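Notes for the one structure printed next.
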Amino acid sequence: MVSERADIAVIGAGAAGVMAAIAAGRAAMEAGAGLRIVALDGAKTLGAKVLVAGGGRCNVTHHHVDERAYAGSSRHSIRNVLGRFDVPRTIAFFREIGVELKQEDTGKLFPTTDRARTVLDALLSEARRVGVELWHPWRVASVRAFDGGFEVQREVAEACDEVRSLVARRVILATGGKALPKSGSDGQGYSIAKSLGHTMTPRIFPALVPLTTPEGHFLRELSGVSVPAEVIVRGAGAKAIASFTNSVLLTHFGLSGPAILDASRYLADARHADPQAALVLNFAPGSAPGDLDQTLVSAKGPGIARWLAESLVFHARVPGHTNRGLPERLSRALCEHAKVDPSAPVQSLTRAQRTAIVSAVTSLAVPITGDRGFTHAEVTAGGVPLAEVRLDAMESRATPGVHLCGEICDVDGRIGGFNFQWAWSSGHIAGSAAARSLIAGT
Ligand SMILES: Cc1cc2nc3c(=O)[nH]c(=O)nc-3n(C[C@H](O)[C@H](O)[C@H](O)COP(=O)(O)OP(=O)(O)OC[C@H]3O[C@@H](n4cnc5c(N)ncnc54)[C@H](O)[C@@H]3O)c2cc1C
């Protein structure tokens, strides 16, 4: 069997793994240490997720990142990691490798080229510049710890003379989670982490995922409508657990768009605790039901549906939308749902009709049958708890010498560049620490 030796084996060359490999390579170069760093990935072509991210533009980070944008492990631990390689350092890092970032109104940062390819190419060429070897497709089946190192076994070799195992002094586990499995991130890393003494959170589920509604639900008829809304997750006793104001996209299967994606993991969590937990939409975001009721009492108009489409004004502003008027098709559908004739003059509405309209517009409970699963999810909720990792080095407490970073950890962020920021921060810590421990001979 052909076997080779390396100082550091990085398993998974996605965002976190490539960042870890670069950080390790840079630390070795600075120290003149000449470490052999090999990044292994099962994918034929590298960087699938970077390329699809942000609609092909790659939303690299957000101008304001803090732990409140994340869920999973304790927020204190997440802050600890983010603070060690923060947004200014991330922006500086990308500038050093030739990627200028620009900030959009939403606070999201993208490459000035608006091309994800710029980000991927720069990362891979920096990895090569600092001496990282990128081996792919090279899918890892198992990692065995022995006294003094780790034996990383390849899943299958194309030919018998190909390298079947890599013996390394340090391992960085950056295999991602289960989101977008065709990219190569299919949860295999969890088995490897378990074999190295880690536990997993009891639940691993899709996050940032579109939601499905029952067949025949009236909102499905409005497929293609994009509307600003507040999406509220209500748990037991109708308590609001989480709320997100942003675009909602009505689709042929149910609901999508950033506000829905952000809410999805909180709904899944709430439903796990209480199957009655509900998703409520407010199409007049920033305005309370009482505000609309008061306005309607004195409003005049030829038809309530037209009034909602032309004269409804709400307080919250969502980028890409005005804060005035509902899409015509939606306003008609909401009137019909409220069992009010869309052409009924506003001043003719009875109190009961007004209440029904206000409820449909500002507190529409939408039945949710499920989500579209890992195939359509942007990230994974759950994974290796941060409590099992020494945060200053992202090093396994169970098996010292193994470092973990990226989505394999029990950390998931909102839409907006937060998940990549987690990958950059945790990856940088893992890679630098792995290299430094070898340089220091510890
Ligand atoms: C459609 C989509 C759009 C997104 N857009 C954004 C965005 O704009 N901004 C943002 O912040 N986040 C975005 N995300 C989330 C972001 O892409 C992930 O959080 C991030 O890529 C996680 O990085 P990672 O390196 O931990 O895992 P991954 O990127 O999943 O990389 C893991 C790598 O490990 C490899 N691998 C897995 N198992 C093995 C094995 N056994 N052996 C060898 N290799 C293995 C895989 O092939 C893969 O290359 C998006 C995600 C999706 C799916």
In order over the range 72-89: 3J(HN,Hα) from phi, Karplus 6.51/-1.76/1.60, θ = phi - 60°, whole Hz, x for each Gly or Pro, gives x, 5, 4, 5, 4, 5, 5, 4, 3, 6, 4, x, 7, 8, 8, 5, x, 5
Considering amide H positions built from the backbone, and no H for Pro or chain starts, which residues 5 or more places from GLY176, or on another chain, come under 5 Å of its amide H? GLU407, ILE408
Give me the one-decimal nm value for the distance between modelled label points at GLU151 and GLU104, 7 Å along each residue's Cα-to-Cβ direction. 4.9 nm
Mind listing the long-range amide H neighbours of VAL379? Cut-off is under 5 Å, sequence gap 5 or more, other chains count too, H placed in the peptide plane at 1.01 Å from N. ALA207
Semi-axes of the range 320-442 from the Cα gyration tensor (sqrt of 5 times each eigenvalue, largest first, whole Å) come to 55, 14, 11
At a 1.4 Å probe radius, carbon and sulfur cover how many percent of the accessible area of the chain? 50 percent
Dipole magnitude of the range 211-371, debye to nearest 20 (Cβ charges: Lys/Arg +1, Asp/Glu -1, about Cα centre): 300 debye
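Just to confirm, what accessible area per residue do you get for the range 289-404 at 1.4 Å probe, in whole Å²?
Computed with neighbouring chains in place, this is 47 Å² per residue.
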May I ask you to evaluate 6.51 cos²θ - 1.76 cosθ + 1.60, the Karplus curve with θ = phi - 60°, for each residue of the range 18-31 and list the ³J(HN,Hα) values in order in whole Hz, giving x for glycine and proline? 5, 4, 4, 5, 5, 4, 5, x, 5, 4, 5, 4, 4, 8
Where the Cα atoms of the chain are projected onto their three principal axes, how long is each span, largest first, in whole Å? 82, 41, 40
Would you kindly derive the ³J(HN,Hα) couplings of the range 392-398 from the backbone phi angles with the Karplus curve 6.51 cos²θ - 1.76 cosθ + 1.60 (θ = phi - 60°), listing them in order in whole Hz, with x for Gly and Pro? 5, 10, 6, 9, 4, 6, 6
What is the diffusion coefficient of the range 211-371 in µm²/s, taking the Kirkwood radius over Cα pairs and the Stokes-Einstein relation at 37 °C with a viscosity of 0.692 mPa s? 208 µm²/s
Rounded accessible area per residue of the range 123-218, 1.4 Å, Å²: 44 Å²
Mind scanning LYS44/LYS182; LYS49/LYS178; LYS239/LYS339; LYS44/LYS194; LYS49/LYS182 and naming the pairs with a C-alpha gap bigger than 22 Å? LYS239/LYS339; LYS44/LYS194
Quick one: which residues, 5 or more positions from THR245 or on another chain, have an amide H under 5 Å from its amide H? H modelled 1.01 Å from N in the peptide plane, none for Pro or chain starts. VAL231
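The values are calculated or read from the model by the stated rules, or taken from the named source; none is laboratory data. Just so it is clear, the structure is predicted and the values come from calculations on it, not from any experiment. Please note: Cβ atoms are built from the backbone with ideal geometry, for glycine as well, and neighbour counts cover all protein chains shown. Remember, those area values only see protein heavy atoms, side chains included, never the ligands or the DNA or RNA. Shrake-Rupley method; radii C 1.70, N 1.55, O 1.52, S 1.80 Å.
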